[in-house]
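Structure, as structure tokens:
The values are calculated or read from the model by the stated rules, or taken from the named source; none is laboratory data. Remember, predicted model here, so these are calculated numbers, not experimental data. Reconstructed Cβ throughout: ideal geometry from the backbone, glycine too, with neighbour counts over all protein chains shown.
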Amino acid sequence: MAAGTHTNRKVARVGNRAKLTVAGLTVGVAQNVSFDVSFSHQPLVGLGSPDPFENVPGIAQYRVSMSRAIIRVNNLEAEGYSSDEKDTTGDEIFSRNGDRALEGRVFDITVIEDGVLLRTIHKCSFDSGSVRVDAGRIIMENASFVGIGST
């Protein structure tokens, strides 16, 4: 390249680490995370015309999918979720199997690359996936969460 010449470089960022956080404390990590958002656009029509002249956004819907995620129970306990906590059936919360271990849990899911925050979906609740509780961990595969906001 000759002196004084410049090339336009485009930088693409891909998050290689996703964290599940509660009140700023990392309680778990995830792999292969994708964020989907829908603004539920609705057509807006004028009086006397059936043809829409604009599509306006409705309710934003945020969905986070991941191939695998692990939440460490001791990290949840540090945030105030006790393994001795009982649910309405009298079972210990973290001794339960499957998706019941995630009932009522709300997380922020954050993707960071090289210390740079790429995206956060706030107040995510578990929606679907395969869940098991094993050796102080909640392990999810093909997990899907729904959130209520994004930054």
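Taking the stretch 34-70 only, how many residues are of a type in the set (Phe, Trp, Tyr), surrounded by 11 or more Cβ atoms within 10 Å (Cβ to Cβ) and either assigned to a strand (DSSP E or B) or touching a His at 6+ places or on another chain (Cβ under 7 Å) (or both)?
Total satisfying the criteria: 2.
Taking only the stretch 109-151 into account, find how many residues are out of contact with any Phe, Trp or Tyr (no Cβ under 9 Å at 6 or more places or on another chain), surrounded by 13 or more Cβ atoms within 10 Å (Cβ to Cβ), over 15 Å from Leu20 (Cα atoms) and of a type in the set (Val, Ile, Thr).
1
Being at pLDDT 70 or above, farther than 19 Å from Thr151 by Cα and loosely packed, with under 13 Cβ neighbours inside 10 Å is the requirement here; does His6 meet it?
Spelling it out, it is not the case that His6 is at pLDDT 70 or above, farther than 19 Å from Thr151 by Cα and loosely packed, with under 13 Cβ neighbours inside 10 Å.
Scan the stretch 126-142 for residues that are at pLDDT 90 or above and either closer than 19 Å to Leu25 by Cα or among the aliphatic types (A, V, I, L, M) (or both) and jot them down.
none
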